[in-house]
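Everything on this sheet refers to the single structure shown next.
Quick note: the coordinates plus some simple rules give every number you see, no bench work behind them. Keep in mind that this is a model prediction, so the values were computed, not measured. Cβ: placed from backbone, ideal geometry, glycine included. Neighbour counts: every protein chain shown.
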Amino acid sequence: MIRFDSLSEARPDSIDKVTGRAVYATDLDIPGMLHGHVVRSTAVHARIRALDVGAARAAPGVVDVLCGADVASLGCWGLVLKDRPILALDKVRYVGEPIAVVIADSAEAAENAAELVEVDYAALPRVPDSKAALAPGAALVHESHSPLEDFYFRGGARPIDGTNVFHRFLSEVGDVAAAEAAAAHVHEDHFSFPPVFHYALEPHTAIADFREDGLTIWSGAQSPAGVQKVVSRLFGLPLAKVRIVVPYVGGGFGGKASVKIEPLVAAASWKVRRPVRIAQSLSDSMLTCRRLGARITIRTAVDREGLILAKSADIVLDGGAYADTGSAVATKAANRIIGPYVIPNLRLEARAVYTNTVPGAAFRSIGGPQAVWAAECHMDNVAAAIGLSPVEFRLRNLAARGQRIRPDLRPLDMDMGELMGLVRQAMGAASAATGPDARGLALAASDPGIVAIGNALVRLKIDGSVLVAMASVEIGQGVHATMARIAAETLNQPFGSVTVLPTDTGTAPFDWGTGASRSTVIVGASVEAAALDAATQMLDLAAEALAQDRTALALVPGGIATPQGFRSFHEVFHLAYGVDSGEVIGRGALNPRSRGGALREAPLFWETAAGMAEIDVDEDTGAIRLRRYASAADVGRVINRVSAEGQDEGASVQGLGHTLFEALEFEDGQPVNASPVDYNIPTLDDVPDDFHTILVEHHDGPGPGGAKGMGEGAILPIAPAIANALFARYGVRVNDLPLTPEKVWRALRARS
Amino acid sequence: MEFAMSLEVALPPAALWAVLTDVAQVSQCIPGCEEVEEVERLARYTAVVKQKIGPFRMEVPAEIVVEEVCEPSLVRTRASGRDRITGTTLAVTLVVTLVPADVGSVLEVAAVVDVQGRLATLGLAIIKRKAERNFEEFEQRLKALLGVMA
């Protein structure tokens, strides 16, 4: 029987981090290593008429320059569409697209020489945003589409030939038109959500070492197996000859998921046959990827009792110049816009389109923040239009535990009414300062896109120490400590006896990647299974060596409890093998066939969140301050409370960023604020004085001890909760994020 | 980046047209515009645009092509060039329209400014403010030239 004490023990990674010993990709020095600097497109959309790297190649310290022509024969890569060359070949599709890599014996020499690269562009008609992308006769960012199937996710992109649409998803349930015709009230709204930068403190950095006998890449990658697969296909290398090592990662949030700069760094090393490091600046990373912006039309039909009869949504996502995993973002946005409600008729359409801007990418709860922003603001608008309070309107329409919100999705495994009640309870009575009205509520139910394939090895050593090998990336969320705890509890050994090996595809078995709130559930269950396998082997060995009945034995710290007393692992191995040496190796594997196929239905669990905000508004400036906030999530089981609360708070505050401050802006395709100087994120001053995190535990999830995944849900409700507070207090609705002082001030002025 | 201005001038369109097509004189209204040379009257010109943007100095040899002329009511010109040091390209399309009014004419100027390259990548926001200031100054100088009270 597994038990968790839920008490926090110091995470080994936190000690490394606060003492400065933690090693990130940028800290590594590989013998013979050279440094690459990426020359980027300064044109929005253009043919490359000429590329002159002669002066750069002749510059002091420069070893070589990698150009598009060098890698043209390797072809394109991608995760859902094979749309991306390693370096721009004949044309550039966005400002920031890599055109060349100057490789030198120092980063400074490479950077200085990069200035000497001359590019002659012939401008092409631009597709600056998603509206332009869909306009009749729009220029095409890509002339044709090459979708992949079941390559990274199950399924694939569904592009529309001859257009900029690289994925269209449509889900229809019932008859929306008939329901609207019969409805007492139909309400439509339009919302927008800007592109947002992930702003991990560690920019993208990778080192590649291409040798005769294989390729090693050190990178802050969230999906080592994805990187391994893509570079193995690009360079024609067997998977076993491609090793991806991931040291500590300074934040990812999806911005380091799938594959980013690794093919480029590998190509640089392939050219010079020496290790090459590319360490991007934060500004470079702002030109590498960002969240997909969205334009959303949403319409709801209700009857006289305020019951929702139908909902339709038309979601257009700005996917940037290359698809990355934008198709999945679009599909998830359509799923996540439903909300935790009973809606008999649905029409959900999402399109992801190419534009001449920085490529879109996964970002914490893909498609969720965009969808829930529209869905939950719209809920309050509908409630107001039919004269119900936001709480009452939601209560009348909430789906109960066990109900399906769409026939093809697993029934809800939580009680949303409970979460809503908990945040309202946590907020208590309104502060006198803000008055009773400046509060807003929002709910979210999201379907994590989990690929249920996980593996782990757990090795129980003769001295009772334990080694765990698995591929989840320690990205700041504390996953290594979580895995150590699961192994320790399952083997009944002290937490401190477990060492989790650094992530390395050379030593860890296959895992899909770190994202979609999957690690605790899928990899955690694999570690648990591996530890159980090791325990079984150890007890079998002891039963045989000690000539004991197997059922009379139990694992205890450092050894075996027998009816005759304690026997150390040393003694057992010595008796069994004749020498004082050995270990048992447990293997745990999870896949869609495991547990009688119970993991196959999507989603594996529901990631849920309720949020309630209380705000102050400076009526003279329009500035909003989040005074108090409560966030609740049903996480099944808390394994490390400090880390779990940190994930919830972190997700909320990251959401506060896109609510009040953040937008990666483009003007006619040209990035306007792609630098840490111009791009604003929340600081400690912006965090609410009063923040409640409520983690509900019913021990009913598919992970160890009934855990569900968490860490993404809390980013969802905060923006609509704050906007709903503004609406409740002043009756003004701002439809596009962020809620800057200027927009709020103008809205307040327009009202009066 | 788009800019627009509109002002009423006491001169009738034909007289205003004569003033505005005196390129040497009008170009003095453009901040930083120097060394204007006529290649072909009302067709092609060259100039050097000098600007200080934040800590950067830009010097853009520009080619000016008159794309459309409809005397005395419309002229559309396109100026483009590239700063060698920062690799920044600049393109300005200027549409000047003269509409007869009860007294004199209404002069409308619409400009579309496009900046690409390192400077744009570093901070288009700064460039935008600079462009706004330049356009305001252009408006002031033009008003002064035409004797319009600001």
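Quick look at the numbers
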{"read-out": "Relative intensity, log₁₀ I(q)/I(0), of the range A:5-144 from a Debye sum that treats every alpha carbon as a point, q = 0.11, 0.14 Å⁻¹", "value": "-0.59, -0.79"}
{"read-out": "Ranked A:661, A:393, criterion: other C-beta atoms within 10 Å, fewest first", "value": "A:661, A:393"}
{"read-out": "Tail weight of P(r) past 38 Å, computed on alpha-carbon pairs of chain A, percent", "value": "40 percent"}
{"read-out": "Rel. contact order, % - alpha carbon contacts under 8 angstrom, at least six apart, chain A", "value": "14 percent"}
{"read-out": "Residue order, fewest to most beta carbons within 10 Å, for B:95, A:23", "value": "A:23, B:95"}
{"read-out": "Helical segments meeting 27 Å axial Cα length and Kyte-Doolittle 0.0 threshold in chain A (DSSP H)", "value": "A:524-546"}
{"read-out": "Per DSSP, loop GluC sites (Glu not before Pro) in the range A:105-143 with at most 13 further Cβ within 10 Å", "value": "A:143"}
{"read-out": "Highest to lowest packing among A:401-409, A:446-454, B:101-109, A:290-298, scored as the average C-beta count within 10 Å", "value": "A:290-298, A:446-454, B:101-109, A:401-409"}
{"read-out": "Rg to Rh quotient for the range A:451-597, alpha carbon positions, Kirkwood Rh", "value": "1.01"}
{"read-out": "Computed lengthening from residue A:19 to residue A:752, 0.36 nm per intervening residue step minus Cα-Cα distance", "value": "258.4 nm"}
{"read-out": "Förster radius 60 Å - calculated FRET efficiency between residue A:437 and residue B:108, Cβ distance, rounded to 0.05", "value": "0.80"}
{"read-out": "Per-bin percent of Cα-Cα distances, the range B:1-133 [5 Å]", "value": "2, 10, 19, 22, 18, 14, 8, 5, 2, 0"}
{"read-out": "Antiparallel %, DSSP beta bridges [both residues in the protein assembly as shown], to 5", "value": "85 percent"}
{"read-out": "Using distinct alpha-carbon pairs, which all enter the 1/r mean, Kirkwood radius of the range A:140-182 in Å", "value": "12.9 Å"}
{"read-out": "Ranked A:441, A:395, criterion: other C-beta atoms within 10 Å, fewest first", "value": "A:395, A:441"}
{"read-out": "From the C-alpha gyration tensor of the range A:108-149, square roots of 5λ in Å", "value": "33, 17, 10"}
